[in-house]
């Protein structure tokens, strides 16, 4: 991949198709169109060095193969000041993220070393009043809801839309547990 050597890697949790469609429709409806270069996403790591790609691939393949899809819920709306996000709770996903972070120790940026607060941004880069208005409107009908996580995505970041490196889908279902 020409140019990939200098591009940082972003890692996300992949949403199931119904949950992705719902969150992405919210994002398309409320994110300024001229700034919305990405579909809805749940970022786990914002900036891993390209030199970590081989190790990262091995970790994501192993986690996707061995881990059960972790339970996850959208539990709250989050004010971003200039936007709104859906707050996600998933102890299982955070445990997987912690394992990956430990394996990538020494390679993480300060942002990725900090505590992860998983969320899906549906609006950003608007005037604070516009963000408050959306937050208040969404609060009217907000109900926590379960979401399905289906794996991980890894992407090159070059300042615009992300370039997919690979997706790693969970191969185990929550219905059976093999030892």
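We did not get these values from a lab; they are worked out from the coordinates using the rules stated. These numbers come from a predicted model, not from an experiment. Backbone-built Cβ (ideal geometry, glycine too); neighbour counts: all protein chains shown.
Pick from the range 12-35 the residues that are part of a loop (DSSP other than H, G, I, E, B) and over 13 Å from the mean Cα position of the chain (by Cα): which of them is farthest from residue 77 (Cα to Cα)? If you could, list the steps in order and put the result at the bottom.
To start, the set of residues in the range 12-35 that are part of a loop (DSSP other than H, G, I, E, B) comprises 16, 31-35.
If we keep only those that are over 13 Å from the mean Cα position of the chain (by Cα) too, we end up with 31-35.
Details: 31: 15, 32: 19, 33: 21, 34: 24, 35: 21 Å.
Filtering first and then ranking leaves 34.
Would you be able to tell me the number of residues in the range 1-35 that are farther than 21 Å from residue 160 by Cβ and touching a helix residue (DSSP H, G or I) at 6+ places or on another chain (Cβ under 9 Å)?
Residues flagged as farther than 21 Å from residue 160 by Cβ and touching a helix residue (DSSP H, G or I) at 6+ places or on another chain (Cβ under 9 Å) within the range 1-35 amount to 3.
In the set 38, 44, which member is touching a helix residue (DSSP H, G or I) at 6+ places or on another chain (Cβ under 7 Å), outside any helix (DSSP H, G or I) and surrounded by 15 or more Cβ atoms within 10 Å (Cβ to Cβ)?
Exactly one residue qualifies, and that residue is 44.
If residue 68 satisfies every condition in (1) assigned to a helix (DSSP H, G or I); (2) under 18 Å from the mean Cα position of the chain (by Cα) but one, which is the exception?
(1)
For residues in the range 82-95 being in contact with a helix residue (DSSP H, G or I) (Cβ under 6 Å, 6 or more places away or on another chain) and closer than 16 Å to residue 23 by Cβ, which is surrounded by the fewest Cβ atoms within 10 Å (Cβ to Cβ)?
83
Hey, could you check the range 96-131 for residues that are loosely packed, with under 12 Cβ neighbours inside 10 Å and in contact (Cβ under 8 Å) with a residue 24 or more places away in the chain and say which is farthest from residue 16 (Cα to Cα)?
Selected residue: 127.
List every residue pair whose Cβ atoms sit under 6 Å apart, with the two residues 6 or more apart in sequence or on different chains, where the first one lies in the range 36-48 and is over 22 Å from residue 74 (Cα atoms) and the second, anywhere, is buried (at least 16 other Cβ atoms within 10 Å of the Cβ).
47/8; 48/9
Within the range 71-81, can you find the residues that are at negative phi and surrounded by fewer than 19 Cβ atoms within 10 Å (Cβ to Cβ)?
71, 73, 75, 76, 77, 78, 79, 80
Surrounded by 16 or more Cβ atoms within 10 Å (Cβ to Cβ), under 22 Å from residue 8 (Cβ atoms) and over 14 Å from the mean Cα position of the chain (by Cα): which single residue out of 163, 63 fits that description?
63
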